[in-house]
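Engineer: Next up is a structure, given as structure tokens.
Please treat every number below as a calculation from the coordinates, not as lab data. Everything quoted here is computed from the prediction, not taken from an experiment. Counting neighbours? That spans all protein chains shown, and the Cβs are built from the backbone with ideal geometry, glycine included.
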Amino acid sequence: MKVLWCWRCQMDIPMLDEEEFARVAPLYMASAKHLLAFKAAKKRGEVAVLPPVCEEYERLTGFRETNPNAVMHHRLSLYGPPCTKCGKPLRTPQARHCAACGTPR
Ligand SMILES: [Zn+2]
Ligand SMILES: [Zn+2]
């Protein structure tokens, strides 16, 4: 796990390495119905149980994420190396320039 800037979330967030991601990915498959139950419970003001994919992410990173889709893009291998100018990770490993500040790779 490594904390990196996420351009989708616009914040620093723990990103999973491949080993960690392999542990949460299978849980994501089963997360749709859990998410519905979670939202319904939240609406009723009850203590909601997180979808398993989010629970595992929290266990690995210590960060409470309630959106399974967000967990899926917090994967280190989806991002490129840090920009030489602003330090934010490039949006993809193939990116030719930094989307945040425009500096070419
Ligand atoms: Zn994100
Ligand atoms: Zn940059």
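Engineer: Relative to the Cα centre, what is the charge dipole magnitude of the chain, using +1 at the beta carbon of each Lys and Arg, -1 at the beta carbon of each Asp and Glu, and rounding to the nearest 20 debye?
Structural biologist: Dipole size: approximately 480 debye.
Engineer: While we're on this one: Among the GluC sites (Glu not before Pro) in the range 32-102, which ones are in a DSSP loop with at most 13 other Cβ atoms within 10 Å of the Cβ? Mind listing them?
Structural biologist: Glu46
Engineer: Shifting gears a bit: If you take the charge dipole of the chain about its Cα centre, with +1 on Lys and Arg Cβ and -1 on Asp and Glu Cβ, which of Val53, Tyr28, Ala40 is farthest toward its positive end?
Structural biologist: The Cα lying farthest towards the positive end belongs to Ala40.
Engineer: Tell me which residues come under 5 Å, amide H to amide H, from His97 once H is placed; ignore anything under 5 positions away on its chain.
Structural biologist: Under 5 Å from the amide H of His97 lie the amide H atoms of Arg105, each far enough along the sequence or on another chain.
Engineer: Continuing with this model, one more query. Could you give log10 I(q)/I(0) at q = 0.16, 0.21, 0.25 Å⁻¹ for the range 10-97, computed by the Debye formula over C-alpha point scatterers of equal weight, without solvent?
Structural biologist: Each listed q maps to, in turn, -0.68, -0.97, -1.19.
Engineer: Test of understanding: what is the full-extension gain from Ala32 to Thr84, defined as 0.36 nm times their sequence separation minus their Cα-Cα distance?
Structural biologist: Gain in length upon complete extension: 14.8 nm.
Engineer: Of the peptides 72-79, 96-103, how do they stack up when ordered by the mean number of other Cβ atoms within 10 Å, highest first?
Structural biologist: Final packing ranking: 72-79, 96-103.
Engineer: Here's something else I'd like to know. Counting Lys +1, Arg +1, Asp -1, Glu -1, what net charge surrounds Leu76 among other residues with beta carbon under 12 Å of its beta carbon?
Structural biologist: -2
Engineer: Next up: If amide hydrogens are placed 1.01 Å from N in the peptide plane, which non-local residues have theirs closer than 5 Å to the one on Leu4?
Structural biologist: For Leu4, the qualifying residues are Ile13, Met15.
Engineer: Then there is this: Looking only at the range 59-81, which residues have a backbone nitrogen under 19 Å from a spot 7 Å from the Cα of Glu18 in the C-beta direction?
Structural biologist: Under cut-off, by backbone N: 72-81.
Engineer: Would you calculate, for the chain, the mean residue ellipticity at 222 nm contributed by helices, counting each DSSP H stretch of 4 or more residues as -39,500 (n - 2.57) and dividing by all residues, to the nearest 500?
Structural biologist: About -11500 deg cm²/dmol.
Engineer: Next question. I want to check the label-to-label distance for Thr92 and Arg64. Put each point 7 Å from Cα in the C-beta direction and report it in nm to one decimal.
Structural biologist: It is 3.5 nm.
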